[in-house]
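Take a look at the following structure, please.
Just so it is clear, none of the values below were taken in a lab; they were calculated from the coordinates. Just so it is clear, the model here is predicted, and its values are computed rather than measured. So basically every Cβ, Gly included, is an ideal-geometry build from the backbone, and we count neighbours across all protein chains shown.
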Amino acid sequence: MVIENVIEAKELTKNYGELVAVDHIDLEVVGGEIFGFLGPNGAGKTTTVRMLTGIIRPTHGMVRIAGFDLLRNPIKAKEVMGVVPELSNAYNELSAWKNLQLMAELYGVPAKDAKARAEELLVRFGLHDRKDHKTKTFSKGMKQRLVIAMSLMSDPEILFLDEPTSGLDVMSARMIKEVLRELNNRGKTIFLTTHYMEEANQLCNRVAIINHGKIAAISPPEKLKSRIGGLGRLEVSFRAHVDSSDLRHISGVTDVRESGDKTYLYTDEPGRTIQRLVDYCRSDGIEIVTLNTLTPTLEDVFIKLTGDGGGAEEVVEVKTDGS
């Protein structure tokens, strides 16, 4: 059985004068998957989401949502989607309950269903005891949970979320991720933009990486990590501080980064690099406390594709159909 693509974009482009914010991108999101959309600041993530959700019109290209052409039949397309923007769109002077009921009215949800659904969502998001309080009294995490609850009042088939856990406390972020998993298990399709690589790695069936308005790669996270190349990392800690610039001279080391008391050596040949590192430390009287070999992470892939070393020449090699 072939599952239909519920989100399709062809040649999607957005120009702002001379600036090309999104440059002829193609996207297909399969029904029932969590699709991650990653990219550095200014890469075109939010602009793409705004075009996919009908907030702004593309300069060129087509968007189809659940089979409906977004430009030709926007009402039908928007009826099947829920949108959680990067900035809260809850009304601060209204209570949580009234915000939810307002969303229900906008989407034509019958009053009886709206009340039952609002009760259920308030309980699930840990807001029931504050349902009659004005939203302006809520913390950032509470507001974000409310905004997601608002987007679910119409029971949408597709949920778009733009940086839903950005800047949240650990408990709020965890609750939101748990809810997204639950929704996905119930068959909902989720389009998620995030700058948290581990979040995308944990949640997403596939991810797309956009850079300078172009799609650099689309693939399941594990396949993307395996296809990016042989780049690995050595995680090492030393008894005393070692200048990272000296470690760059070790044969096979392509980059060196420090984080806390750990130093990370990036290499295409981890086995040989370990031998050379040990020889270097022995000759200089440097004591190694811990040494681990790490496989490439989604963050490594992201940096390689969006940093100075990434480029259009790599797209063909890493872009896959997700099969």
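Taking the Cα atoms of the chain, what is the range of coordinates along each of the three principal axes, in descending order and whole Å?
Ordered largest first, the chain gives principal extents of 77, 45, 44 Å.
So which lysines can K214 reach, going by Cα to Cα under 26 Å and dropping same-chain residues fewer than 8 places off?
Cα-Cα hits under 26 Å: K10, K14, K45, K78, K223, K225, K304, K319.
For the pair N205/M171, report the inter-label distance in nm, with labels modelled 7 Å from Cα in the Cβ direction.
Placing both labels 7 Å along Cα→Cβ, they lie 3.3 nm apart.
According to the square roots a ≥ b ≥ c of the eigenvalues of the Cα gyration tensor, what is the shape class of region 29-93, taking rounded for a/c under 1.5, prolate for a/b larger than b/c otherwise, and oblate for the remainder?
Numbers: a/c = 1.39, a/b = 1.14, b/c = 1.22.
The shape class here is rounded.
Also, quick follow-up: May I ask you to sort C204, C281 by Cβ crowding, counting other Cβ atoms within 10 Å and putting the fewest first? If you can, show how the numbers build up before the last one.
Details: C204 22, C281 19.
Ascending Cβ contact count within 10 Å gives the list C281, C204.
Could you check the spin-label model distance between K10 and E93? Points 7 Å from the Cα along Cα→Cβ, value in nm.
Spacing of the two 7 Å Cα→Cβ label points: 4.7 nm.
Sticking with this structure for a sec: Among DSSP bridges having both ends in region 5-225, what percentage is antiparallel? Round to the nearest 5.
Rounded to the nearest five, the antiparallel share is 55 percent.
How much mean residue ellipticity at 222 nm does the chain get from its helices, if each DSSP H run of length 4 or more adds -39500 (n - 2.57) and you divide by all residues, to the nearest 500 deg cm²/dmol?
-10000 deg cm²/dmol
Evaluated at 20 °C with a viscosity of 1.002 mPa s, what Stokes-Einstein diffusion coefficient in µm²/s does region 1-145 have when Rh comes from the Kirkwood expression over alpha-carbon pairs?
Values: Rh = 17.4 Å.
Calculated translational D: 123 µm²/s.
Loop by DSSP (not H, G, I, E, B), at most 15 other beta-carbon atoms within 10 Å: where is the longest site-free stretch of the chain for GluC sites (Glu not before Pro)?
Result for the longest clean stretch: 94-286.
May I pose another question? Using Cβ contacts closer than 10 Å as the measure, can you line up I215, I250 from fewest to most? Walk me through the numbers before you get to the answer.
Details: I215 23, I250 17.
Neighbour counts put them in this order, fewest first: I250, I215.
For K143, list the lysines whose Cα falls under 18 Å from its own Cα; do not include residues on the same chain fewer than 8 positions away.
K98, K131, K134, K177
Next question. Remind me, relative contact order of region 5-225 in percent, using alpha carbon pairs under 8 angstrom and six or more residues apart?
That works out to 29 percent.
Quick one: Karplus J couplings for region 249-259, per residue in order, coefficients 6.51, -1.76, 1.60, θ = phi - 60°, nearest Hz, x for Gly and Pro?
After applying 6.51 cos²θ - 1.76 cosθ + 1.60, I find 7, 5, 4, x, 7, 9, 7, 9, 9, 10, 8 Hz.
Which whole-angstrom value gives the distance between the alpha carbon centres of region 97-146 and region 1-71?
Here the two parts' Cα centres lie 29 Å apart.
Same structure, new question: Taking 0.36 nm per residue of sequence separation and subtracting the Cα-Cα distance, how much length would be gained by fully extending the chain between R181 and D243, in nm to one decimal? Don't jump to the answer; show the numbers that get you there.
Values: separation 62, 0.36 × 62 = 22.32 nm, distance 4.35 nm.
Computed gain between R181 and D243 is 18.0 nm.
Once all Cα-Cα distances of region 230-295 are split into 10 Å bins that start at 0, what whole-number percent is in each one?
The calculated distribution, bin by bin, is 23, 64, 13, 0.
Scan region 142-194 for trypsin sites (Lys or Arg not before Pro) in coil per DSSP, keeping those whose Cβ has at most 12 other Cβ atoms within 10 Å, and list them by number.
Counting only loop positions with at most 12 other Cβ atoms within 10 Å, the trypsin sites (Lys or Arg not before Pro) in region 142-194 are R186.
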